[in-house]
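Just below is one structure, and these are the notes that go with it.
The values are calculated or read from the model by the stated rules, or taken from the named source; none is laboratory data. From a predicted model like this one, the values you see are computed outputs, not experimental measurements. Neighbour counts are summed over all protein chains in view; Cβ atoms, including those assigned to glycine, are modelled from backbone coordinates with ideal geometry. The accessibility values were calculated without ligands, DNA or RNA, using every heavy atom of the protein model including side chains. Shrake-Rupley method; radii C 1.70, N 1.55, O 1.52, S 1.80 Å.
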There are 2 protein chains.
Amino acid sequence: MPRTVDHEERRSMILGAFMRVAAREGLHAVSLRGVAAEAAISLRSVQYYFETKARLMQSGLTALETISNERLSARLHALGPSPGVRATLEAYFAVALPTDHESRQFHLLWTSYAMLAMTDPEISDRTFVDGPDRQHARIASLMEKGKSDGDFHGELDSEIEATILISLIHGIGTAVLVGQQTEERAFASFGHYLDGLSGQASGEPGRDQQRSE
Amino acid sequence: MPRTVDHEERRSMILGAFMRVAAREGLHAVSLRGVAAEAAISLRSVQYYFETKARLMQSGLTALETISNERLSARLHALGPSPGVRATLEAYFAVALPTDHESRQFHLLWTSYAMLAMTDPEISDRTFVDGPDRQHARIASLMEKGKSDGDFHGELDSEIEATILISLIHGIGTAVLVGQQTEERAFASFGHYLDGLSGQASGEPGRDQQRSE
DNA sequence: AACTTTATGATACACGTGTACCATAAAAAT
DNA sequence: ATTTTTATGGTACACGTGTATCATAAAGTT
């Protein structure tokens with residue numbers, strides 16, 4: 001048609017189609033023609049906006065990360081001005097757990113991308129280090145805040161506990177995704193883990209407990 | 001060549017080639033011709049022993065599960081006649097953590113299969129429920145043993161704690177696989193988690209030490 | 001020795017794939 | 001009004017794929 005269209009809007013429209021196809025038929029089954037059909041445009045147009053398939057795949061990963069961050073931000077903002085540490089961590093968990101369509105889609109695609117990056121050099125595997133690294137830093141600082149707020153016991157190792165928490169979120173997420181765990185048990189388990197951060201933990205059992213409040 | 005060959009031996013030989021190709025180039029990139037080349041036989045022979053690709057894929061998943069169980073059994077046997085609960089759980093973790101080639105291969109393929117099963121109906125997704133279910137039962141019973149042995153505190157919820165532990169193993173495993181966590185931090189984190197099972201945990205913080213009887 | 005079964009080789013076929021190329025309508029630029 | 005640029009449509013090409021078919025050497029069976 002015309003000469004001037006909004007490239008960014010066009011690209012994100014195609015990326016939306018890409019995500020739907022990938023989530024429905026699997027990341028391995030994505031084809032340029034499939035994306036074109038989903039977006040109701042021609043194959044040529046997909047080529048026009050994403051020169052090559054490798055670039056489309058890479059853009060898809062970036063878009064996935066962006067969407068995920070936005071979802072998390074929205075959820076955290078919904079908690080109000082200065083939410084408690086526990087409520088914040090529960091929000092992290094709730095937004096990551098694959099219960100609704102969007103979170104299922106994210107978990108499936110994110111994990112598929114991660115496995116793909118292990119064998120396919122065309123996907124930058126730094127994404128799967130940098131993203132979790134940032135998340136780790138944020139959660140570790142939350143843990144510190146929890147300690148000074150008195151929510152968590154003082155012996156808590158923020159770095160290690162952040163590693164555990166992130167791994168737990170992902171691990172439980174996978175269990176729920178494949179249908180091995182129910183949403184209810186997932187929340188119960190995570191809540192149980194958070195409970196342990198408040199009481200005494202680690203090191204020498206049978207020691208005195210922390211006086212927090 | 002001849003008329004009589006050992007079918008089972010031939011099949012497992014081909015499955016070995018399948019696993020190598022899948023681990024090296026990704027599960028999505030496996031082709032009958034690729035497997036044939038890796039096994040140094042003709043395409044026709046792969047067809048002969050695994051009628052269709054779908055059946056080869058399914059057999060690959062089954063073989064993966066079998067190998068994994070054998071590796072775990074071997075590791076547990078190496079612990080001696082009546083190992084402690086903590087040592088047993090550490091063995092579970094050590095065998096699952098993707099550090100050497102075999103465990104990396106297993107984690108990569110298992111996760112790839114799980115994601116594939118989400119979109120592809122030709123892979124029975126019950127594998128990813130039944131396997132972890134059995135593992136869960138075994139670990140929950142280990143937790144119970146740990147409680148009666150006095151290794152773990154008495155308030156411990158074996159069912160929930162087993163869920164957490166399994167998810168943790170998988171979650172940390174993924175983090176190590178993608179290179180976001182080092183092997184050392186992984187072991188440290190898991191050890192830290194196990195420490196928490198000995199001391200007080202859960203429920204109402206600030207409570208008394210336990211009056212379990 | 002004649003015959004049958006088994007295992008394998010070679011190959012053809014239809015199909016889906018990513019990519020490249022040519023044409024062209026529509027708008028902008030001159 | 002003419003020319004140029006932008007966005008898109010259509011299509012061809014080479015290639016890899018799973019599957020099916022035909023052929024045949026080797027061993028067992030009679």
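Things to note:
- Spacing of the two label points (7 Å from each Cα toward its C-beta) at residue B:4 and residue B:182, in nm: 5.8 nm
- Cα gyration tensor shape of the range B:1-51, rounded if a/c is under 1.5, else prolate or oblate by comparing a/b with b/c: prolate
- The range A:113-193: relative contact order as a whole-number percent, Cα under 8 Å and 6+ apart: 18 percent
- Modelled spin-label separation between residue A:141 and residue A:101, with each label point placed 7 Å from Cα along the Cα-to-Cβ direction: 3.5 nm.
- Using alpha-carbon coordinates, inclination of helix A:101-119 to the longest axis of chain A, degrees: 80 degrees
- Fraction of accessible area attributable to carbon and sulfur, chain B (%, probe 1.4 Å): 50 percent
- Loss of accessible area when B meets A, both sides summed, Å² nearest 100, probe 1.4 Å: 4300 Å²
- For the range B:1-51, the solvent-accessible area of protein heavy atoms averages 62 Å² per residue (probe radius 1.4 Å; ligands and nucleic acids excluded).
- For the protein assembly as shown, the average shadow cast by the Cα convex hull is 24.7 nm², which is a quarter of the hull's surface.
- Cα-based helix-to-principal-axis angle, A:158-177 vs chain A, degrees rounded to 10: 50 degrees
- Phi-derived couplings, Karplus 6.51 cos²θ - 1.76 cosθ + 1.60 at θ = phi - 60°, listed residue by residue for the range A:180-188: 8, 10, 8, 4, 5, 4, 4, 5, 4 Hz, with x used for Gly and Pro.
- Expected 222 nm ellipticity per residue - DSSP helices of 4 or more, -39500 (n - 2.57), all of the protein assembly as shown, to 500: -23500 deg cm²/dmol
- Anchor residue A:53: lysines whose Cα lies under 28 Å away (excluding residues fewer than 8 positions away in-chain): B:53
- Placing one equal scatterer on every Cα of chain A and applying the Debye formula, the log10 ratio I(q)/I(0) at q = 0.09, 0.10, 0.12, 0.16 Å⁻¹ is -0.45, -0.54, -0.73, -1.09.
- Note on B:185-192: average number of Cβ atoms from other chains within 10 Å of each residue's Cβ is 4.
- With a Förster radius of 41 Å applied to the beta-carbon distance between residue A:122 and residue B:155, the computed FRET efficiency rounds to 0.20.
- For the peptide B:119-128, the mean number of other protein chain Cβ atoms found within 10 angstrom of a residue's Cβ is 3.
- Chain B, relative contact order in percent, only Cα pairs under 8 angstrom and at least six apart counted: 17 percent
- Probe 1.4 Å, all protein chains present, accessible-area order of A:19, A:118, largest first: A:118, A:19
- Taken residue by residue and averaged, Cβ atoms of other chains lying within 10 Å of the Cβ of A:25-35 number 2.
- Between helix B:53-77 and chain B: long-axis angle, C-alpha atoms, 0 to 90°, nearest 10: 40 degrees
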